[in-house]
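J.: Have a look at this one before I ask anything.
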Amino acid sequence: MLPKQYSSAETEQNWYAHWMRHGYFRSVPDDREPFTVVIPPPNVTGVLHMGHMLNNTIQDILVRKARMEGKNACWVPGTDHASIATEAKVVAMLREKGIRKADITREEFLEHAFAWKDKYGGIILEQLKTLGASCDWDRTRFTMEPKLSAAVVRVFVDLYKKGKLYRAHRMVNWDVEAKTVLSNEEVVYHEEQAQLFHVLYRLEGSETEGIVIATQRPETIFADVAVAVNPSDERYAHLVGKRVRIPLIDRPVPVIADDYVDQAFGTGALKITPAHDQNDYAIGQRFGLEVIDVLNEDGTLNEHAVLPELIGKDRFVARKMMKGLLDASGTLVKLEDYRTNIGRSERTNTVVEPRLSLQWFVDMNTLAKQALDAVEGGEVKFYPDHYRNMYRHWMSNIRDWCVSRQLWWGQRIPAWYYGEHVFVEETAEVALESARKATGNPALQISDLRQEEDVVDTWFSSWLWPISVFDGFENEKEVAYYYPTSVLVTGWDIIFFWVARMIMAGYEWRGERPFEHVYFTGMVRDQYRRKMSKSLGNSPDSMELLHKYGADGVRFGLLSSSPAGGDLVFDAPFDKATKQIINESALCEQGRNFCNKLWNALRLVKGWTVSEDLPVPAANLYAVRWFEESLERRIAEQHELFAEYRLSEALKSLYTFIWDDFCSWYLEMVKPDYEQPIDAATYAATLRFFERSMQLLHPFMPFVTEEIWHRLRERREGDDCIVSRYPAAADFDKAFLYQGDIAKDLVAKVREARNNHQLKPRDPLMLVAKDSPSARSFFAIEGLRETIQKLAFLEKLEISDAEPQGTSFVAGTEKYFLAFEKAVDAEAEKEKLLKELEHARSFVASVQAKLSNEKFVGSAPAAVADNERKKLSDGQARLAILEEMLNKY
RNA sequence: GGGUGGUUAGCUCAGCUGGUUUAGAGCACCUGCCUUACAAGCAGGGGGUCAUAGGUUCGAAUCCUAUACUACCCACCA
């Protein structure tokens, strides 16, 4: 005998190993239709968190369904080298060992980094296996492996030669901790508390007169080259053209007039610091002003700060000191608290400094055009659709992409310098050739050239992912078959970082979309609606969740309340320090319980003995037909829901179907009496139904369904649920199912009556249906009467005009008497009837009003009007019965 | 400043192109059950003027307009 409770632990391990052994996840090109998904590559040194589990569960569902539908399903796994994040981790690890990055060579650093990657890399992929992800592991890729790096280099050179990639001096976002430039997308803005310093710049030759400017970064005054006012500002008109002195150092700067200055903000006067502010730089350009940079690359002040006590101090330390210094010099007029948006580095969370520097940029305008049209024209479809708006807005206001990074962990930019010359080529040898030609000097050696030190942005390799994982830059063999991919599943937070750029790359290098559909998942949030993140420590341990509820339970929990694009509030109270889950997570618990329900349905069915010569009872004839139709309806529904990516709806529908329709209704209908055998035909049908239900559920909960699949019958080698044929949609009998709903309602009414009158659920009672043509035709449905008798524990069910003692009620449009000896509470009965009557009256009235409206009858579709007429006649029938019943009181 | 979602039961959400018995589910709650698959269970029950105000329509939770609240995206802020 099977144990009473389902245990997920070994089951899941065993089946995963079984699937791997049979190579079910492996895909090679053949003549079937491909179904391709590339994983959003997680950071190579990352660990599985809630977002990954949601995202990869969804991909697995889509891939498993496609596989069962006979498509050549290929899900490519892999990891991203995540340059800044990983480099930061390696730097920190080295620091702990007492090694400073500055003291070792690039080669030594990379050695350490690869050692780190080999140690921690791929943990997350192993964790995905626990979740049940059916990736083709033989295809596992890494964005920094040789082939993928070669693709990056090739693409870089290609863009450069097409004139779409250039090197320029620009104001960029500088991360002083990672000591690298960041793209605009890598800077996150949040409102923070800051102070506005009102500082007096004295007029040259005067100790009292001057201009007060407002700044939140007083340490940058040493880089000032002017003070600007609005040309129409009368307060300062007399000063324009004169010179004022920078406090503390007395360096004179001109007062200039420019429209950019807002008279209403602060004091109406603006200090101009071209090296440390985007707008100041622009003004500086207009006026031909000098650029003075007061910051070192690590955020400390350099010698331009002049004062010895400030030089070498961090910008925030210096800012604090400036308060005292300015105050002492009598130039600090006012300190004002205010809130402002501060930009921080997405990776290091340090405050980003605008900085002027020489970097490599991709010209986005030409790339964006086609990528925008693709989404606007529906060639690439977004689910949900409204992310198109976000995408359109970004794409039409796109700025050039800064792709160079001052890091070592990444693909080194393939540019070689020789004096003023730059040669962008795939290899040093080719660069040397170009250099010899360009300089006319055949004696040049590679050692004369100096390769660019910078690497490219991580996303410069990820945007090629759908092509590069199939070696699409080297040969056509695989890419021609698998590309474009079918669907991309990712979070909406990387729509600009990644999705948009992949679309650009797709058109640029393959001339077509990289994927047909994009399914955006929501963010997983905690009970306070905060995004779950490592820095907040508000995420439960994924592996513990998987262990506690089983992968099937967790998959159910994550998915059951996660519509596309909608955020998921995942409420699992846990201990922050240990990440141990304290209370049950309602969602996963429900999933685990569902597994147990399936398991027990299996126990029931497998506990039956089958009799070959037993005739099929009438009730079973009805049950089998009813369930057959119900199943067809659900199959059709699954197909529709999948087509619209309404996966959480699809799962909920299966849950209800299996728990209620299959277990609570169907199995109870056919269940033989204690220790009695079941007839062979019904048994065979039951196994078939169970099996098909497992197939429908398999994409969502692969392990428990595979387990049950095998326990239902003896299977040949290779007859596994994962590769079984997904049920195709067929017609079903709506009218018959409607009758079934009425039958269920009747059973529920009998149970309710028993409850209300304190009758035992299994007391054998008699039910009388009032004689009428409609009652006769209802009970003429084969096996219906026997089914109702069985489910409602009725000793007798007759159609007659007898009115036995007991209670009466309405079900459908018929009147019923449930006979019993006990006295009934007449007042309570009457009150209940009055309530029902009231409801029926207002219902009939509203339908009547509708039908007596000529405009409705004239303009509504025939089917709608007919339905209203049916509602009216049914309602009237019920009303009449209720009125008659009330007459008794 | 520009834009996008959301507002339906105590909580989390379905309700897709307006009509399917004057709103559904899960969890929570109440009542009764250790009934022979399952107490990780079974049978029942209560609970919503669909944010507000207008409008379109024969008919609105559903479409339109405005307002409020809420979440988020982009840009900018000396």
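Where a number appears in this text, it was derived from the coordinates with a stated rule and is not lab data. Because the structure is predicted, anything quoted here is derived from the model rather than measured. Heads up, the Cβs are rebuilt from the backbone with ideal geometry, glycines too, and the neighbour counts pull from every protein chain shown.
J.: With the Cα gyration tensor of the stretch A:635-726 in hand, convert its eigenvalues to equivalent ellipsoid semi-axes via √(5λ) and list them largest first in whole Å.
T.: Sorted largest first and rounded, they come to 25, 18, 10 Å.
J.: Moving to a separate point now. Among A:Leu784, A:Ala828, A:Ser808, which residue has its Cα furthest toward the positive end of the charge dipole of the stretch A:783-844, with +1 on Lys/Arg Cβ and -1 on Asp/Glu Cβ?
T.: About the Cα centre, the residue reaching furthest to the positive side is A:Leu784.
J.: So, one more: Find out how many positive minus negative residues lie around A:Phe627, taking Lys and Arg as positive, Asp and Glu as negative, among other residues whose Cβ is under 14 Å from that of A:Phe627.
T.: Details: positive: A:Arg625, A:Arg633, A:Arg634, A:Lys671, A:Arg688, A:Arg692, A:Lys744; negative: A:Glu628, A:Glu629, A:Glu632, A:Asp660, A:Asp661, A:Glu668, A:Glu691, A:Asp733, A:Asp741.
Summing Lys/Arg as +1 and Asp/Glu as -1 gives -2.
J.: Give the distance, in whole Å, between the Cα centre of the stretch A:245-311 and the Cα centre of the stretch A:1-70.
T.: Spelled out, the Cα-based centre of one part sits 57 Å from the other.
J.: Just subtract the alpha-carbon distance of A:Thr427 and A:Glu379 from 0.36 nm times their residue separation and send over the number in nm, one decimal.
T.: 13.6 nm
J.: Give, rounded to the nearest 20 debye, the magnitude of the charge dipole that chain A has about its Cα centre when Lys and Arg contribute +1 at Cβ and Asp and Glu contribute -1 at Cβ.
T.: Using only the charged Cβ atoms, the result is roughly 540 debye.
J.: Counting pairs of Cα atoms in the stretch A:682-727, how many percent are more than 18 Å apart?
T.: 19 percent
J.: Further, regarding this structure: How high is the relative contact order of the stretch A:479-565, in percent, with contacts defined as C-alpha pairs under 8 Å that are six or more residues apart? The partial results should precede the final answer.
T.: Values: 74 pairs, mean separation 26.5, N = 87.
Averaging sequence separation for qualifying contacts and normalising by length gives 30 percent for the stretch A:479-565.
J.: Give the separation of the Cα centroids, the stretch A:126-149 to the stretch A:622-673, in Å.
T.: Their Cα centres are 36 Å away from one another.
J.: Past 21 Å, Cα to Cα: identify those pairs from A:Lys749/A:Lys796; A:Lys835/A:Lys871; A:Lys381/A:Lys531; A:Lys65/A:Lys671; A:Lys830/A:Lys850; A:Lys652/A:Lys749, in the order given.
T.: Going by Cα-Cα distance, A:Lys381/A:Lys531; A:Lys65/A:Lys671; A:Lys830/A:Lys850; A:Lys652/A:Lys749 fall outside the 21 Å limit.
J.: On to the next question. Tell me whether chain A comes out rounded, prolate or oblate; compute the Cα gyration tensor, take square roots of the eigenvalues as a ≥ b ≥ c, and use a/c under 1.5 as the rounded threshold.
T.: prolate
J.: For chain A, with the dipole built from +1 on Lys and Arg beta-carbon atoms and -1 on Asp and Glu ones, taken about the Cα centre, which of A:Tyr683, A:Ile881, A:Val487 lies farthest toward the positive end?
T.: Of the listed residues, the answer is A:Ile881.
J.: With Kirkwood's inverse mean 1/r over C-alpha pairs for Rh, give me the Rg to Rh ratio of the stretch A:739-889, two decimals please.
T.: Ratio value, two decimals: 1.02.
J.: Right, here's the next one. Residue by residue through the stretch A:233-243, what is 3J(HN,Hα) from phi via Karplus (6.51 cos²θ - 1.76 cosθ + 1.60, θ = phi - 60°)? Round to whole Hz and write x for glycine and proline.
T.: My calculation for the stretch A:233-243 gives 7, 5, 4, 10, 3, 6, 9, 4, x, 7, 10 Hz in order.
J.: Turning to a different aspect of this structure: In nm, to one decimal, how far is the A:His386 label point from the A:Thr208 one, both placed 7 Å along Cα→Cβ?
T.: 6.2 nm
J.: Considering only DSSP beta bridges with both partners in chain A, what is the antiparallel share in %, to the nearest 5? Numbers along the way, then the final one.
T.: Numbers: 67 of 97 bridges.
Once the DSSP bridges in chain A are tallied, antiparallel ones form about 70 percent.
J.: Past the 32 Å Cα-Cα mark, which pairs from A:Lys179/A:Lys242; A:Lys760/A:Lys888; A:Lys147/A:Lys437?
T.: A:Lys179/A:Lys242
J.: Continuing with this model, one more query. Extending each Cα 7 Å along its Cβ direction at A:Val188 and A:Lys147, get the distance between those two points in nm, one decimal.
T.: Each label point is offset 7 Å from its Cα along the Cβ direction, giving 3.5 nm.
J.: How big, in percent, is the set of alpha carbon pairs in the stretch A:390-522 lying more than 21 Å apart?
T.: I get 56 percent for the Cα pairs in the stretch A:390-522 exceeding 21 Å.
J.: Which is farthest toward the positive dipole end of the stretch A:281-335 among A:Thr300, A:Gly330, A:Gly284, measuring Cα position about the Cα centre, with Cβ charges +1 (Lys, Arg) and -1 (Asp, Glu)?
T.: A:Gly330
J.: Report the gain in length on full extension from A:Ser873 to A:Phe316: 0.36 nm times residue separation, minus Cα-Cα distance, nm rounded to one decimal.
T.: 192.5 nm
J.: Relative contact order for the stretch A:59-188: what is it in percent, counting Cα pairs under 8 Å that are at least 6 residues apart?
T.: Numbers: 77 pairs, mean separation 39.4, N = 130.
Averaging sequence separation for qualifying contacts and normalising by length gives 30 percent for the stretch A:59-188.
J.: For a Förster distance of 56 Å, can you work out the FRET efficiency between the beta-carbons of A:Val240 and A:Lys119, rounded to the nearest 0.05?
T.: E(calc), rounded to 0.05, equals 0.30.
J.: Suppose R0 equals 41 Å; then what is the FRET efficiency for A:Ser232 and A:Gln370 from their Cβ-Cβ distance, rounded to the nearest 0.05?
T.: Efficiency at R0 = 41 Å is approximately 0.40.
J.: So, one more: Work through the residues other than A:Val455 whose Cβ is under 12 Å from its Cβ and net out their charges, Lys, Arg +1 and Asp, Glu -1.
T.: -2
J.: Any idea what the alpha-carbon Rg over 2.2 N^0.38 Å comes to for the stretch A:1-91?
T.: 1.41
J.: Over chain A, what is the relative contact order in whole percent, taking alpha-carbon pairs under 8 Å and six or more residues apart?
T.: 12 percent
J.: In nm, what is the difference between 0.36 nm times the number of residues separating A:Asp298 and A:Lys835 and their Cα-Cα distance?
T.: Values: separation 537, 0.36 × 537 = 193.32 nm, distance 7.71 nm.
Stretched fully, the A:Asp298-A:Lys835 segment lengthens by 185.6 nm.
J.: Tell me the label-point distance for the pair A:Thr439, A:Arg751, using the 7 Å Cα-to-Cβ offset, in nm and rounded to one decimal.
T.: Modelled inter-label distance: 8.9 nm.
J.: If you don't mind, there's one more thing I want to ask. Divide, for the stretch A:94-215, the radius of gyration over alpha carbons by 2.2 N^0.38 Å, where N is the residue count.
T.: 1.81
J.: Another question, if that's okay. Can you list which of the trypsin sites (Lys or Arg not before Pro) found in the stretch A:1-54 are DSSP loop residues with at most 16 other C-beta atoms within 10 Å?
T.: Passing both the DSSP loop test and the Cβ count: A:Lys4, A:Arg26, A:Arg32.
J.: Could you list which residues have their amide H under 5 Å from that of A:Val610, counting only those 5 or more apart in sequence or on another chain, with H placed in the peptide plane?
T.: It is A:Ile678, by chain and number.
J.: While we're looking at this one, here's another question. Counting only other residues whose beta carbon sits under 14 Å from that of A:Ala643, what net charge do I get with K and R as +1, D and E as -1?
T.: On the way: positive: A:Lys65, A:Lys381, A:Arg646; negative: A:Glu69, A:Glu516, A:Glu637, A:Glu640, A:Glu644, A:Glu649.
Every neighbour counted, the sum reads -3.
J.: Run the reach check for A:Lys790 against aspartates and glutamates, Cα to Cα strictly under 15 Å, same-chain hits fewer than 8 apart removed. What comes back?
T.: The reachable aspartates and glutamates, counting only those whose Cα sits under 15 Å from A:Lys790, are A:Glu668, A:Asp673, A:Asp745, A:Asp763, A:Glu782, A:Glu798.
J.: Another question, then. Give me P(r) over the stretch A:331-389, computed from all C-alpha to C-alpha distances, binned every 10 Å, as integer percentages.
T.: Per 10 Å bin, starting at 0, the Cα pair percentages come out as 14, 20, 27, 26, 8, 5, 0.
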